[in-house]
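Colleague: I am attaching a structure below and will ask some questions about it afterwards.
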Amino acid sequence: MEGRKIPLMNVSRQYESRKDEINKAVLEVLESGNYISGQNVKEFEKEFAQYIGVKHAVGVGNGTDALVIALRALGIGPGDEVITCALTFYATAEAIANVGAKPVFVDCTDDTYVIDADAIEAKITDRTKAVIPVQLYGQCADMVKICEIARKHGLFVVEDVAQAAGSVYRGKKAGSWGDIACVSFFPTKNLGAAGDGGIILTDSEDLAKKCRAYRVHGSGLDGLYTYNALHPDDSREAEDFGNNQPKYFNYVVGYNSRLDELQAAILRAKLPCLDGWNEKRRKIADRYRTEITNPCVKHPKVAEGAEHIFYVYVVTLEERDRFRNYMEECGIATGVYFPIPLHLQRVFEELGYKKGDLPHAEYVAEHSAAIPMFPELTEEEITSVIRAVNQFSGK
């Protein structure tokens, strides 16, 4: 995006808005010499759990690891099936495959682009163990219906909140609906770190302990707890496994996936601003919806009861490529999110999906484009985007 007049996103502007607070937090970490699993991680876990409205938060290395560890904690593995949406980033399905389970894809809606809750039940089999609704582009899926379906069939609900930190549905924040939820702090996200980072959210102490074990090589007292949960018939006493030995005593095969202390410090400096930044995104979206009147352009729908936070603002139009070339000539960046739906990705060919199976996801993948969206956009820039989109000819 270097040299463009109006970027799609710009994380540097956000840094400038909190530069003093971020620099102070980073320097304090550097001077402390405590770089791994320090106080900032512990405090951020508490603060973010409170912000979302859950009891436990477990910081991890990134959003993808969060999904893998969450699935492991739920006991999902080979022979199991997990239902998710075909229109999302690859990591959602990659995590399912990485624990040995089979991803089962359903279509998105044709207007909100989130997973079609009405399509889930038809995909449930006796091997289905969980559903992963993706809170896509900053908007929640129909979590009331999804949770009802899950309860009816005895399924876990794993929320993928990678793009929706701070989003609300019917009065509850994304990340507080399911059995467990996963958030990414990739730098461009609504709450972004200065590198990779992620977190797992749950009200279950059992799941929180297992996630803490898996994130640090399956070691420590949480690792012992997880071992005992996996081996309920093992008669050995806790002392046989090095109880009270947090290091070098490993009980299950885990990962090295800890939220970095520096990133936690940066996230703590940003968290108080998140709701304000999300509100600015909504105001920009309001201008786009009201002032972009080009009949060639279809706006995203905000579902009833949803407080969309517009991680990205995605429109659909027939001449997507020509539109993007035109916007480039105007000096305005655009983006394409997920040009190939997951069911048509080559890595999942063996699952047997074909073009036409999930038509809404396929249409959005082929006809959608994101226009500039970040809280620090100026009024002049927003006006320029609106003017350019309205002047585009779809012929």
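The values are calculated or read from the model by the stated rules, or taken from the named source; none is laboratory data. Only a predicted model underlies this, so the values are computations on that prediction, with no experimental measurement involved. No Cβ is skipped: glycine too gets one built from the backbone with ideal geometry, and neighbour counts run over all protein chains shown.
Colleague: Return the residue satisfying two criteria in turn: it lies in segment 276-315 and is among the charged types (D, E, K, R) and in contact (Cβ under 8 Å) with a residue 24 or more places away in the chain, and of such residues it is farthest from S393 (Cα to Cα).
Modeller: So, considering only residues that are among the charged types (D, E, K, R) and in contact (Cβ under 8 Å) with a residue 24 or more places away in the chain, the one farthest from S393 (Cα to Cα) is E307.
Colleague: Of the residues K247, K270, which single one is assigned to a helix (DSSP H, G or I) and more than 25 Å from D142 (Cα to Cα)?
Modeller: Only one candidate qualifies: K270.
Colleague: If you check I200 against the conditions, is it in contact with a helix residue (DSSP H, G or I) (Cβ under 6 Å, 6 or more places away or on another chain) and farther than 27 Å from G276 by Cβ?
Modeller: Details: in contact with a helix residue (DSSP H, G or I) (Cβ under 6 Å, 6 or more places away or on another chain): yes; farther than 27 Å from G276 by Cβ: no.
When the stated conditions are applied, I200 does not pass them.
Colleague: Let me ask something else about it. Residue under question is V216, and the condition is that it be among the β-branched types (V, I, T), touching a Lys or Arg at 6+ places or on another chain (Cβ under 7 Å) and in the same structural domain as E16 (by TED's automatic domain parsing); does it hold?
Modeller: It is true that V216 is among the β-branched types (V, I, T), touching a Lys or Arg at 6+ places or on another chain (Cβ under 7 Å) and in the same structural domain as E16 (by TED's automatic domain parsing).
Colleague: Sticking with this structure for a sec: Residue check: is D142 at pLDDT 95 or above, in the same structural domain as F44 (by TED's automatic domain parsing) and more than 17 Å from G75 (Cβ to Cβ)?
Modeller: Spelling it out, D142 is indeed at pLDDT 95 or above, in the same structural domain as F44 (by TED's automatic domain parsing) and more than 17 Å from G75 (Cβ to Cβ).
Colleague: Picking from K46, K55, K42, which residue would you name as being more than 14 Å from L191 (Cβ to Cβ), in the same structural domain as K24 (by TED's automatic domain parsing) and touching a residue at least 60 places away in the same chain (Cβ under 8 Å)?
Modeller: Unique residue meeting the criteria: K55.
Colleague: Let me ask another. Considering segment 287-315 alone, what residues qualify as being on the phi > 0 side of the Ramachandran plot and buried (at least 22 other Cβ atoms within 10 Å of the Cβ)? Let's see the steps before the verdict.
Modeller: Just the residues of segment 287-315 that are on the phi > 0 side of the Ramachandran plot, to begin with: 305, 310.
F310, the sole residue that qualifies.
Colleague: On to the next question. Just checking, which of I22, I52, I36 is more than 30 Å from D142 (Cα to Cα), at pLDDT 95 or above and not charged (D, E, K, R)?
Modeller: So the residue among I22, I52, I36 that is more than 30 Å from D142 (Cα to Cα), at pLDDT 95 or above and not charged (D, E, K, R) is I22.
Colleague: Among (1) touching a Phe, Trp or Tyr at 6+ places or on another chain (Cβ under 6 Å); (2) of a type in the set (S, T, Y); (3) closer than 30 Å to A122 by Cβ, there is one condition Y326 misses while meeting the rest; what is its number?
Modeller: (3) is the only condition that Y326 fails.
Colleague: Working only within segment 114-133, note down all residues that are among the aliphatic types (A, V, I, L, M), in contact (Cβ under 8 Å) with a residue 40 or more places away in the chain and in contact with an Asp or Glu (Cβ under 9 Å, 6 or more places away or on another chain). Give the steps one after another, and end with the answer.
Modeller: Residues of segment 114-133 that are among the aliphatic types (A, V, I, L, M), as a first pass: 114-115, 117, 119-120, 122, 124, 130-132.
In the following step, the residues that additionally are in contact (Cβ under 8 Å) with a residue 40 or more places away in the chain were identified as 114, 124, 130-132.
Correct list: V114, I124, A130, I132.
Colleague: Shifting gears a bit: Please give the number of the condition A95 fails out of (1) outside any strand (DSSP E or B); (2) of a type in the set (G, A, S); (3) in contact with a strand residue (DSSP E or B) (Cβ under 7 Å, 6 or more places away or on another chain).
Modeller: For A95, the exception is condition (3).
Colleague: Output the residues belonging to segment 63-92 that are hydroxyl-bearing (S, T, Y), in a loop (DSSP other than H, G, I, E, B) and buried (at least 21 other Cβ atoms within 10 Å of the Cβ).
Modeller: T88
Colleague: Mind checking which residues of segment 328-363 are at positive phi and either surrounded by 15 or more Cβ atoms within 10 Å (Cβ to Cβ) or hydrophobic (A, V, I, L, M, F, W, C) (or both)?
Modeller: F338
Colleague: Here's another thing I want to ask about it. Can you tell me which condition E148 does not meet? The list is (1) out of contact with any strand residue (DSSP E or B) (no Cβ under 9 Å at 6 or more places or on another chain); (2) part of a loop (DSSP other than H, G, I, E, B), and all the others hold.
Modeller: Against the list (1) out of contact with any strand residue (DSSP E or B) (no Cβ under 9 Å at 6 or more places or on another chain); (2) part of a loop (DSSP other than H, G, I, E, B), E148 comes up short only on (2).
Colleague: Hey, any hits in segment 267-286 for a residue that's farther than 27 Å from A193 by Cβ and surrounded by fewer than 16 Cβ atoms within 10 Å (Cβ to Cβ)?
Modeller: For segment 267-286, residues farther than 27 Å from A193 by Cβ and surrounded by fewer than 16 Cβ atoms within 10 Å (Cβ to Cβ): present.
Colleague: Just checking, does segment 206-215 include any residue being in a loop (DSSP other than H, G, I, E, B) and at pLDDT 95 or above?
Modeller: no
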